[in-house]
Amino acid sequence: MNGEHPIMSANEQLNAIKVTELRRHQPRFQGLASGHRACLGCGEALAARLVMEAAGPDVMVANATGCLEIFTTPWPESAWRVPWMHSLFENAGAIAAGMEAALKAQGKTTKVLSFGGDGGTFDIGFQALSGMMERGHNVLYVCYDNEAYMNTGIQRSSSTPHAAMTTTSPPGSERMGKRHLKKDIVSIVAAHHIPYAATSSVAFPTDVRKKVRRAMEIEGPTFLQIHSPCPLGWGMEGEESIAVARLAVETGLFPIIELERGQLTGVLPIRDPKPVSEYLKAQGRFRHLFQDHYKAREELEHLQALADHNIATFDLTGHGADNQDSTGLNRVKREGVRSA
Amino acid sequence: MSQNARPKLEKKIVDAGYLLKEAPRTQQFITGAQAMAEAVKRANVDMAIAYPITPQSEVMHLVGDIYAQGHIKEYYRAEEELGTMSAIAGAARAGVRMFTATSGPGLLRGLEAIASWPGHRIPAVLGVLTRVVNAPLSIQPDNIEIAYLMHCGALVLHAENQQDTFDMTLAAFAIAEKVDVYIPVAVATEGFFVTHAKGYVNTTPEDMALTPIDPTAAPVPAMDNETPPARIQRDAPVQKSNFMSYLIHAVWQQEIWDSNKRSMKYIYEYLGGPIEVQDPEADVFVVASGCAAAQAREAHRYAQEEGLSVGFIKVRSIRPFPVDEIREAVKNAKKLIVPEHNIIGWLCKEVKASIPNSGIVVEGPRVYGGMTLPVELIMAEIYNALGIEHNMKL
């Protein structure tokens, strides 16, 4: 560009340059190619693509059983453009640990990534994950958290939020969906005193990429939990995935945080906290909470209290408009500012 | 291999044929656990992973010592047996020679991963030091666990004594990595009776090691970001949910079991064949494997002293099972006696399924977990089979 731009203001031009500049540095490597068989609006597929882009080509993947494994590798096809291995449901952490140790023994520096869903991470694969982190393997573990066993038919996991309907936590006249709370996996993981554990959401791609790059630079175990909507399991249209994922963050129900050696070191502030009902109403899995029943009202209050608790605990309240808060981040076109 | 690779002790590299059949040997008086570890020391193993399941043998402690002395590049204790068996799969796919050992409940705990090893084309070696798996637990042997193991697709060798444990473990590494085999090999022997008891073992020189693994000489090459063939790893996983996947699963598993069968020629080459036969013209045979074969061998000796027409068959290889060899060896036999260190009689079932006249098989004697298998029990069956009156105080 030289001189005055016919349409953009000086400020806009500056931003435009930044964006171009950033794009240039943005890795365009596609570790997870398109053409796989994820459902429309699958949050996990998008999240995995973002993670692979940011991680770059020199990686190996150990993938737990789950949607991601199934939809990316229907024989004889594979969407993966890096060495990739699936073994069982519960052992992605252990497979990754073995790979990493073997690569180290051979003097290779390829980074090992381990992918699992919330079932494969919070529940059945938890021991393998814990062992891998405890021994300090140089592995980035990414949990694609869609809050239930979606691949097997939407069964409750320990990540399913309180009061949500699943096929094994059905609501009825006597019950309001899942009775228990969502497990605080990132704190449990961080309690291993690993260098870096964080949460992110597929609604904030910039945040996902930034955290993957951060984790890739660390020698040692790192953990990233990415909130990834499942249109089928959550009861919504595929086109609503990102909007709903964004609401989970904006209501405070899914706090975006960073923990280093167990200490809270970063949060994504919420500019205008929204009532939880906005998030819940958008999804069929919480439909029973909007009936005229005292139990439903009680659970709605309960969920609002959980969100308020998160906002207070992690100090998520924003301090005025900020490019880096829940409203500013990833609003390139609408608000003219992009940060990465 | 990169310059950053972990160093290993310098040794004279020899091929499996030389190491097993020609290399000079010196006699040691060691336990079965030590024999297995001594074989691992000579097998040029890159990495071992341990889990201390109860009741564990000493094998993985001894392998830890080997690591500390620099014979192995990497060694760690996993979080559990399934974690061990899974990590072995990950590591072997990443291109290194792997070993672990387990026993009884640990084997069953890890079995889900072990059952997936052959399909992943994992040429790892697994030591199985058999122990009771059924409640109430006992720490002594019982080899029911082999009944679970033999349907996984892996080779299963069954060692009679400490010498067998050494030779079979060493041969296992060579056989597992043959390009036309390339599936895991389990070397089983009875916990306690073999692992904790000493015997004479002729070992090869400590400074002589098996040829290192070549991760590219494989039906499914190891995962590697530097070498093109496996840059995109898409062979090992077999997915479900469409007709192609059912077909490919069938084809893939057919290949696993064919690989299993093809290993037979290497069992002949390195171990002298899947069976050992004494007195091939006898009327009655005692057919046994593992520790029961040691007792059966003793019973055969008693019978010889008494001038009875009794032969002895030791089964070295449970998978592949020597169907043809056994059928040929017992084609003129009148009775087969199959003593076993388990109460379900898996060897007996295998033998019966191998011959056209299964009615000649005597089911037993068998002992429950933790019991010894006295030679007198076998002798009683021999007398019964030959119609000889006897009055043994058992």
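The values are calculated or read from the model by the stated rules, or taken from the named source; none is laboratory data. No experiment lies behind these values; they were computed from the predicted model shown. Cβ coordinates were reconstructed from backbone atoms using ideal geometry, including for glycine residues, and neighbour counts include every protein chain displayed. SASA here: full protein model, heavy atoms, side chains in, ligands and nucleic acids out. Shrake-Rupley method; radii C 1.70, N 1.55, O 1.52, S 1.80 Å.
Key figures
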read-out: Theoretical FRET efficiency, 1/(1+(r/R0)^6), r = Cβ-Cβ of A:His293 and A:Glu237, R0 25 Å, to 0.05; value: 0.40
read-out: Lysine-lysine proximity count for the stretch B:248-394, Cα under 23 Å, sequence distance 8 or more or distinct chains; value: 17
read-out: Extension gain from B:Asn357 to B:Glu226, taking 0.36 nm per residue of separation minus the Cα-Cα distance; value: 41.5 nm
read-out: In sequence order, calculated HN-Hα J values of the stretch B:372-383 (Karplus, 6.51, -1.76, 1.60; Hz; x Gly/Pro); value: 7, 10, x, 4, 4, 4, 6, 4, 4, 5, 5, 4
read-out: Equivalent ellipsoid semi-axes, the stretch B:12-216, via Cα gyration tensor eigenvalues times 5, rooted, Å; value: 23, 20, 15
read-out: Extension reserve of the B:Ile139-B:His61 stretch, reckoned as 0.36 nm per residue once the Cα distance is removed; value: 26.3 nm
read-out: Carbon + sulfur, % of accessible area of chain A - ligands and nucleic acids excluded, 1.4 Å; value: 53
read-out: Projected area averaged over orientations for chain B, convex hull of C-alpha atoms, nm²; value: 20.6
read-out: Sites B:Ala250 and B:Gln28, calculated FRET efficiency, Cβ-Cβ separation with R0 30 Å, nearest 0.05; value: 0.05
read-out: Inter-chain shielding of B:205-211 (mean C-beta neighbours from other protein chains, 10 Å cut-off); value: 0
read-out: Charge dipole (the protein assembly as shown, unit charges on Cβ, about Cα centre) - positive-most of A:Trp80, B:Gly104, B:Thr130; value: A:Trp80
read-out: Kirkwood hydrodynamic radius of chain A, Cα pairs, Å; value: 20.7
read-out: Order of exposure, largest accessible area first, which applies to B:Arg97, A:Arg179 with probe 1.4 Å; value: A:Arg179, B:Arg97
read-out: Cα centroid separation - the stretch B:80-144 against the stretch B:282-316, whole Å; value: 31
read-out: Estimated D of the protein assembly as shown in µm² per second, where Rh is the Kirkwood radius over Cα pairs and Stokes-Einstein applies at 25 °C, 0.890 mPa s; value: 87
read-out: Given charges at Cβ of Lys, Arg, Asp, Glu: the stretch B:250-376 dipole, positive-most of B:Val287, B:Gly359, B:Gly272; value: B:Gly359
read-out: Label point distance in nm, B:His390-A:His309, each placed 7 Å from Cα along Cα→Cβ; value: 7.3
read-out: Rounded to whole Hz, the Karplus (6.51, -1.76, 1.60) HN-Hα couplings of the stretch A:296-304, x for glycine and proline; value: 5, 5, 4, 5, 4, 5, 4, 5, 5
read-out: Test item: Cα-centred dipole of the protein assembly as shown, Lys/Arg +1 and Asp/Glu -1 on Cβ, debye; value: 1220
read-out: Cβ-Cβ FRET estimate between B:Asp180 and B:Asp207, R0 fixed at 22 Å, reported to 0.05; value: 0.10
read-out: GluC sites (Glu not before Pro) lying in DSSP loop within the stretch A:55-148, provided at most 15 other Cβ fall within 10 Å; value: A:Glu77
read-out: Candidates per trypsin sites (Lys or Arg not before Pro) in the stretch B:262-344, loop by DSSP, up to 12 other Cβ within 10 Å; value: B:Lys331
read-out: Solvent-accessible area per residue, Å², over chain B with all protein chains present [probe radius 1.4 Å]; value: 38
read-out: 5 angstrom amide H check on B:Ala50, placed H, neighbours 5+ away; value: B:Tyr76, B:Arg77, B:Ala78
read-out: For the stretch B:70-114, convex hull volume per residue from C-alpha positions, Å³; value: 73
read-out: Helix B:105-120 axis, angle to chain B major axis (alpha carbon atoms, nearest 10°); value: 60
read-out: Carbon/sulfur fraction of accessible area - the stretch B:12-216, other protein chains in place, 1.4 Å, %; value: 53
read-out: Solvent-accessible area buried by pairing A with B, both sides, nearest 100 square angstrom, 1.4 angstrom probe; value: 3700
